[in-house]
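A short write-up of the structure that comes next.
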Amino acid sequence: MIASSTEPPLLKVDQLAKSFGERPVLEGVDLSIPRGSVFTVLGPSGTGKSVFLKCLAGVMQQDSGMISFEGRPLVASDKETLTDFRKRCSFLFQNNALFDSLSALENVSLPLEQTTDLSAHEIQSRSLDALSQLELESYRNRYPSQMSGGMQKRLALARAIVTRPELVLFDEPTAGLDPLRRNAVFSMIVKYQRRFNFTALIVTHDVPEALVASNRVALLNGGKICFEGTPDDFSSSLDPVVTGYRDSTDALRESLASIRGQVQAS
Amino acid sequence: MLLHCTESTFLPRMSKMLHLIGRKALDILFGLGDYALFTGRSFHAVMHSKRIWRRLIRSIYEQGTVCLPVILIVGLFTGLVLGLQGYHILNRFGSEGLLGAMVSLSLVREMAPVLAGLMLIGQSGSALAAELGIQRNSEQIVALETMGVESHGYLVTPRLIAALLVYPFQTALFVVIGFWGGSLSGSLLLGVDSGVYWSSIQRAIESRDLRECFIKAAVFGILSVTICAYQGFHADRNHSDTGARAVSAATTRAVVMSSIMVLVADYVVSSFFI
């Protein structure tokens, strides 16, 4: 359920800037993420989408600009707000970042063990529940290296949702996957976003999948957001930057048709 | 003209050299400060690290049980060599009866803590640096931080506590095995009376020698774990290497630097006890 337009956004970004040495990557990014939405930030490779997401997650420190969660600014000096944000936000890494020396169950229970005061029994039960929601219960004793790429992605999502976050940040969730697997990952995100009702912020360069899966999309180009709107607005926009990026995607119509079928079926 | 040319090249060269020295000095100061903060955070995390027991037991196993055979072998042969060399040196002065004292004081005050420390660096310190380096490379450490998990507390603190328990224990074991090695070569092979050997050990060792031995073991444990963990934890900071090469470079740095620091600390601690 997406929040009404009058409700304040869950996450707000104002004039976010980040440079690496002399090279500016983000040059004043402004964005508002409504609660309950699937929001996708599109953009060609190398435009700083992952840097943007890592600044939001607090993994990277921005040079300037403000990030606010539920209206409260996230600043390094306010440890309480930062801790609260980290408890309510999860990050899904491009390469999953699973702990290779821990089993699937141990991977999922780790955030609960280390950040909550739940009993061992409750941690076990919530972790098994997350695994079963992602159809991984029978693989609970397997190590990540003994799983397929798709299963690892689901395991990473299980670890991300086990703390029942309100915001999940997805960093290129389909990077390096073939079209069929890309569709499956986006279907999975939409399916579980509906089931757990978290707000999803995805950065990707896969236009067809993002347009089908998202409620809102933005285009990051040249260090700034040069478009923000609904997927339909994006598809019909005549803005030269949007049309240039949109047209660069191969076989858009064909892919859209196939993914629509999968998402509707799920 | 010649003088003018020399002056015009000398000053920029001098300035460049001073700039390089200054930058290097600042890098070293930054590194030392950062290492001190890293060690402080790892100790501080003892207070609020959750469910540490399982990781602590695993760390004790990794540092203790896995390194046991190496400690036993090196301890035995160190004792054998001390017995052999000691016998022939003391024989020149007709003082073979002091063999036990020589073997025991050499082992307790110097050889056991230093050699056990170096063996543990080679065995578990290098493994620690490589493991953390791989975890840094595959973003596992960043993942912990995004989950709100204190990465120092989760990854380093259990190893630090384990080192404080394991290093003194392994050193004590090294000493005992070394005594037996000395007895084997001195008494069994070279004919020093066994009773004389063991009573000489008993008379020679004082409580301050044991205190020095265990303080050294604990200091070496802290130094080797924190240096190896620091190098692995920041394997990505070395910009000249990336990926697997960065991990291998971090592991090499960890072993070399912690071995050097063990020897430096050995001199410092010894100077307090002399």
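No value in this document is a laboratory result; all are computed from the given coordinates. Please read all numbers here as calculations on a predicted model, not as lab measurements. All Cβ positions, even for glycine, are placed from backbone atoms using ideal geometry, and neighbour counts span all protein chains on display.
Looking across segment B:144-177, the residues that are facing another protein chain (nearest Cβ under 8 Å) and of a type in the set (Val, Ile, Thr) come down to B:Thr146, B:Val149. Of everything in segment A:166-199 that is in a loop (DSSP other than H, G, I, E, B) and under 12 Å from the mean Cα position of the chain (by Cα), the residue that is farthest from A:Ser90 (Cα to Cα) is A:Thr174. Determine, yes or no, whether A:Asp100 is among the acidic types (Asp, Glu) and touching a residue at least 24 places away in the same chain (Cβ under 8 Å). In short, yes. Of the residues making up segment B:170-180, at least one is buried (at least 23 other Cβ atoms within 10 Å of the Cβ) and free of Cβ contacts under 8 Å to residues at least 60 places away in the same chain.
Applying a threshold of 9 Å to beta carbon distances and a minimum spacing of six or more residues, or different chains, the list of pairs starting in segment B:131-148 at a residue that is on the phi > 0 side of the Ramachandran plot and without any contact (Cβ under 8 Å) to a residue 60 or more places away in the chain and ending at one that is of a type in the set (Phe, Trp, Tyr) and surrounded by 20 or more Cβ atoms within 10 Å (Cβ to Cβ) reads B:Glu139/A:Phe93; B:Gly148/A:Phe85. Taken over segment B:89-143, residues that are among the small types (Gly, Ala, Ser), within 14 Å of chain A (Cβ to nearest Cβ) and either surrounded by fewer than 18 Cβ atoms within 10 Å (Cβ to Cβ) or within 18 Å of the chain's Cα centre (by Cα) (or both) amount to 3. When A:Leu16, A:Leu105, A:Leu11 are checked against the criterion of being in contact with a helix residue (DSSP H, G or I) (Cβ under 9 Å, 6 or more places away or on another chain) and within 14 Å of chain B (Cβ to nearest Cβ), a single residue qualifies: A:Leu105.
Put simply, of A:Gln94, A:Gln114 the only residue that is part of a loop (DSSP other than H, G, I, E, B) and within 14 Å of another protein chain (Cβ to nearest Cβ) is A:Gln94. Which of the residues that make up segment B:45-71 are in contact (Cβ under 8 Å) with a residue 40 or more places away in the chain, farther than 14 Å from B:Leu128 by Cβ and assigned to a helix (DSSP H, G or I)? The answer is B:Leu56, B:Leu68, B:Val70, B:Ile71.
Kindly establish whether B:Gly75 is assigned to a helix (DSSP H, G or I), out of contact with any strand residue (DSSP E or B) (no Cβ under 8 Å at 6 or more places or on another chain) and within 14 Å of another protein chain (Cβ to nearest Cβ). No, not satisfied.
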